[in-house]
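Colleague: One structure coming up, written as structure tokens, with questions to follow.
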Amino acid sequence: MTPTQLRAFAATVRLGSVKAAAADLSVSEAAVSMHIAHLRRELGDKLFSRTAAGLAFTPGGLRLASRAAEMLGLQDRTILEVSQAGSGRRLLRVASSILFAEHAAPGLIELFAGRADDLDVELSVTSPERFGSLLVTRTVDVAIGPRPAGIDDAMTCTPFLNYQMLPVIGADHPLAGVRASTAELRDQTWLLGPSAIGRVGMVPLLLRRLQVPEHNQRIFQSHAAAVEEAKHGKGIALAVAFAVSKDLAGGDLRRLDGPFPPARGSWNVLTLAERNAPPVAAELRRFVTTPRATQAMLRGTGVTAGRFRPAVHVTLWS
């Protein structure tokens, strides 16, 4: 069983056909079929069969698909660690939800990375729904954000910071000082950051609870941009409480009064179980619960461009 054979099989599972796998790997269909045939003979399992609806995988084929992703991820991680050992540097790859990346990650990364001269931290932004697969395949070392569904014994999930979402409006907004009804809330323009996209997280949950229609939602490239529009009376923004405390105290923003559902959440740090997690990932998991880390997340001053590498994809609709 070779890595090349496993990559061919994993690509076939992921893309649903030998033809698509061959195109993805830039090899011929015959090469992919040959690699899969070797796996079938070695494992004594058909792995999958072709049907009118696509590929139908055997129980053994599904188990191999899961293990193939783990083994290939471990291979990539090993290559990276060997390279790091040779250069004398370590790399911590962190996946984060959009909301955490904007409001709390900069201060945390700045403080954590500054504790060691040989450590680089790479931050990417992704949906919490992908946290589990990214960790299992060792694409990332740590995931931070809301607790996703389906966490099992292979992972460790540690809550470390509670936060509250507030509906805020500008001082000149028509609803300022007025208790709005649920119907009025649904009819308003909602100014939202990119975390409103998707199904997981506090913002999508609140929008579903209020049943805000899609045509009343406006998505901005950042939550800060959405809040800035709210200051000018353009609509209602959902903001993390600690991020807008000064604006509320100074009168630039006002908290919307109305039948707003409870909006408290927590951010969690996820890693593989202790024996499988890279040492630096376990170190971050311990560090993130300390008072110094909490203070840095609430009052962080940001990180350099080399350490913050977001991969945010924003979808706009009319």
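The values are calculated or read from the model by the stated rules, or taken from the named source; none is laboratory data. What you see is a predicted model; the values in this text were computed from it and never measured. Don't worry about glycine lacking a Cβ; one is built from the backbone with ideal geometry, like all the others, and counts go over all protein chains shown. With ligands, DNA and RNA removed, areas are computed over all heavy atoms of the protein, side chains included. Shrake-Rupley method; radii C 1.70, N 1.55, O 1.52, S 1.80 Å.
Colleague: Which one of the conditions (1) over 21 Å from the mean Cα position of the chain (by Cα); (2) open to solvent by 20 Å² or more (accessible area, probe 1.4 Å) does Val244 fail to meet, given that it meets all the rest?
Modeller: Looking at each condition in turn, Val244 falls short on (2).
Colleague: Check Val94, Val140, Val121 and return the single one that is in a strand (DSSP E or B), at pLDDT 85 or above and either in contact with a helix residue (DSSP H, G or I) (Cβ under 7 Å, 6 or more places away or on another chain) or charged (D, E, K, R) (or both).
Modeller: Val121
Colleague: Hey, can you tell me all the residues within segment 7-19 that are small (Gly, Ala, Ser), over 26 Å from the mean Cα position of the chain (by Cα) and within 19 Å of Leu72 (Cα to Cα)?
Modeller: Ala8
Colleague: Could you check segment 238-273 and list, in sequence order, the residues that are hydrophobic (A, V, I, L, M, F, W, C) and within 15 Å of His103 (Cα to Cα)?
Modeller: Of everything in segment 238-273, those that are hydrophobic (A, V, I, L, M, F, W, C) and within 15 Å of His103 (Cα to Cα) turn out to be Leu238, Ala239, Val240, Ala241, Phe242, Ala243, Val244, Trp267.
Colleague: Tell me whether segment 191-212 contains one or more residues that are farther than 30 Å from Cys157 by Cβ, out of contact with any strand residue (DSSP E or B) (no Cβ under 6 Å at 6 or more places or on another chain), in contact (Cβ under 8 Å) with a residue 40 or more places away in the chain and exposed (fewer than 15 other Cβ atoms within 10 Å of the Cβ).
Modeller: No.
Colleague: Out of all the residues in segment 164-191, which are of a type outside the set (A, V, I, L, M), out of contact with any His (no Cβ under 8 Å at 6 or more places or on another chain) and in a strand (DSSP E or B)?
Modeller: Within segment 164-191, Gln164, Pro167, Arg179, Trp190 qualify.
Colleague: Does segment 68-91 contain at least one residue that is in a loop (DSSP other than H, G, I, E, B), open to solvent by 70 Å² or more (accessible area, probe 1.4 Å) and hydroxyl-bearing (Ser, Thr, Tyr)?
Modeller: No: segment 68-91 contains no residue that is in a loop (DSSP other than H, G, I, E, B), open to solvent by 70 Å² or more (accessible area, probe 1.4 Å) and hydroxyl-bearing (Ser, Thr, Tyr).
Colleague: Report, ordered by the first and then the second residue, all pairs with beta carbons closer than 8 Å, sequence separation of six or more or different chains, a first member in segment 41-54 that is under 26 Å from Thr2 (Cα atoms), and a second member that is part of a strand (DSSP E or B).
Modeller: Close Cβ pairs (under 8 Å, with a partner that is part of a strand (DSSP E or B)) amount to Leu47/Phe57; Phe48/Leu55; Phe48/Ala56; Phe48/Phe57; Ser49/Leu55; Ser49/Ala56; Arg50/Ala56.
Colleague: Would you mind telling me which numbered condition in (1) over 29 Å from the mean Cα position of the chain (by Cα); (2) within 19 Å of Gln75 (Cβ to Cβ); (3) part of a helix (DSSP H, G or I) Arg41 fails?
Modeller: Arg41 satisfies all of (1) over 29 Å from the mean Cα position of the chain (by Cα); (2) within 19 Å of Gln75 (Cβ to Cβ); (3) part of a helix (DSSP H, G or I) except (2).
Colleague: Does Lys234 satisfy the condition of being at pLDDT 90 or above, in a loop (DSSP other than H, G, I, E, B) and open to solvent by 10 Å² or more (accessible area, probe 1.4 Å)?
Modeller: Answer is yes for this residue.
Colleague: Filter segment 124-137 down to residues that are outside any helix (DSSP H, G or I) and under 14 Å from Leu99 (Cα atoms) and give me whichever is farthest from the chain's Cα centre (by Cα).
Modeller: That would be Ser124.
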